[in-house]
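Please read the structure below before turning to the comments.
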Amino acid sequence: MKIGETPCKSIINSSGIEGVDYAVNPYIGCAHACTYCYAKFMTRWYHKGEKWGSFVDVKKNAKDCMLRDAEKRRRGVILFSSVTDAYQPAEKKYEITRSLLEILVDHDFPVEILTKSSLVTRDLDLLSRFDEVEVGFTITSFDEKVRRAFEPGASPIEERLDALKLFSDAGIPTYAFLGPLLPFVSELGFEDLLNRLASSVGRVIVDRLNIKAGNWKNIEATLEVHYPEILDEFKEASREPSVYYDLLRGKVRRILDERAIPHDILF
Ligand code: SF4
């Protein structure tokens, strides 16, 4: 893993993501190295030609930018993060995310966290000081083999579930982003996963896999190594339109309805 430093001009940036006004990305690149990552498009501008997941640049002056941006921007919901993971391993050493949250809590900005790292539990004290906050975990499968294959640098699923429980028990609103649901492999243990989430999240968002930003090459390579027997069906199911996802939509809705979990299905 190549860790570098980079300056930034601003840190609170407008976002087109539904439900949030801004995104804060304290790092460029992501050590979680998910093979389906949509943020891989960043390599058009940064670390051209390098493998996504092999570099992380720390925005060293992010705190100075935040002090300025928090004064300047109108109040709105801020997502951590949209094209990186704010709690990836580098955060343990650099504490950039924590330093930014410390400023935001004083400026009363609502914050939404979306991560795949249990490191976020380090900031439970700080996050509990926000008037409006929601902590979410992305989970694509209940199966650790799937996690190791597709999200090699991220926290194990059990750690994510334990972290959600911890925040929920502490009275902090929580959610799970179940996506991208990967054809066939995300279905392994899906009902058990929802049984666990039913008592520790306030809502669930579900999305399908989209082939974009050049992610198919990495997905295909992962399937060739770990799931060669389903490569062709996986490819077919990932197309648009997809009979597989049409059927999965109904199945997922039934499982969520049975457990009375509030949800948004995005496909
Ligand atoms: S955690 Fe998010 S940003 Fe990081 S590699 Fe995975 S999908 Fe991409």
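Bear in mind these aren't lab numbers, they're just calculated from the coordinates by the rules spelled out. None of the values given here were measured: they were computed from a predicted structure. Don't worry about glycine lacking a Cβ; one is built from the backbone with ideal geometry, like all the others, and counts go over all protein chains shown.
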Task: Within region 73-98, tally of residues that are part of a helix (DSSP H, G or I) and touching a residue at least 24 places away in the same chain (Cβ under 8 Å) - done: 7
Task: The lone exception for Glu240 - which of (1) touching a strand residue (DSSP E or B) at 6+ places or on another chain (Cβ under 7 Å); (2) within 17 Å of Tyr38 (Cβ to Cβ); (3) not aliphatic (A, V, I, L, M) it fails - done: (1)
Open item on the list: Can you find a residue that is in contact with a Gly (Cβ under 8 Å, 6 or more places away or on another chain), under 25 Å from Arg44 (Cβ atoms) and free of Cβ contacts under 8 Å to residues at least 60 places away in the same chain anywhere in region 205-212?
Closed with: yes
Task: Test for Asp246: is it surrounded by fewer than 21 Cβ atoms within 10 Å (Cβ to Cβ) and under 20 Å from the mean Cα position of the chain (by Cα) - done: no
- [ ] Take region 104-118 and flag every residue that is part of a helix (DSSP H, G or I), of a type in the set (A, V, I, L, M) and buried (at least 20 other Cβ atoms within 10 Å of the Cβ).
- [x] Leu104
TODO: Go over the candidates Phe142, Phe177, Phe130, Phe167 one by one and state the one that is assigned to a strand (DSSP E or B) and either in contact with a helix residue (DSSP H, G or I) (Cβ under 9 Å, 6 or more places away or on another chain) or surrounded by fewer than 23 Cβ atoms within 10 Å (Cβ to Cβ) (or both).
DONE: Phe177
Task: When residues of region 36-85 are limited to those that are buried (at least 16 other Cβ atoms within 10 Å of the Cβ) and on the phi > 0 side of the Ramachandran plot, the one nearest to the ligand (Cβ to nearest atom) - done: Gly53
Task: Hits in region 8-35 (condition: among the aromatic types (Phe, Trp, Tyr) and within 13 Å of the ligand (Cβ to nearest atom)) - done: Tyr27
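Here's the yes/no breakdown for (1) under 16 Å from the mean Cα position of the chain (by Cα); (2) touching a residue at least 40 places away in the same chain (Cβ under 8 Å); (3) surrounded by fewer than 16 Cβ atoms within 10 Å (Cβ to Cβ); (4) on the phi > 0 side of the Ramachandran plot:
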{"position": "Glu134", "(1), (2), (3), (4)": "yes, yes, no, no"}
{"position": "Phe137", "(1), (2), (3), (4)": "yes, yes, no, no"}
{"position": "Glu151", "(1), (2), (3), (4)": "yes, yes, no, no"}
{"position": "Ala163", "(1), (2), (3), (4)": "yes, yes, no, no"}
{"position": "Leu181", "(1), (2), (3), (4)": "yes, yes, no, no"}
{"position": "Glu187", "(1), (2), (3), (4)": "no, yes, no, no"}
{"position": "Leu193", "(1), (2), (3), (4)": "no, yes, no, no"}
{"position": "Ser200", "(1), (2), (3), (4)": "no, no, no, no"}
{"position": "Glu220", "(1), (2), (3), (4)": "no, no, yes, no"}
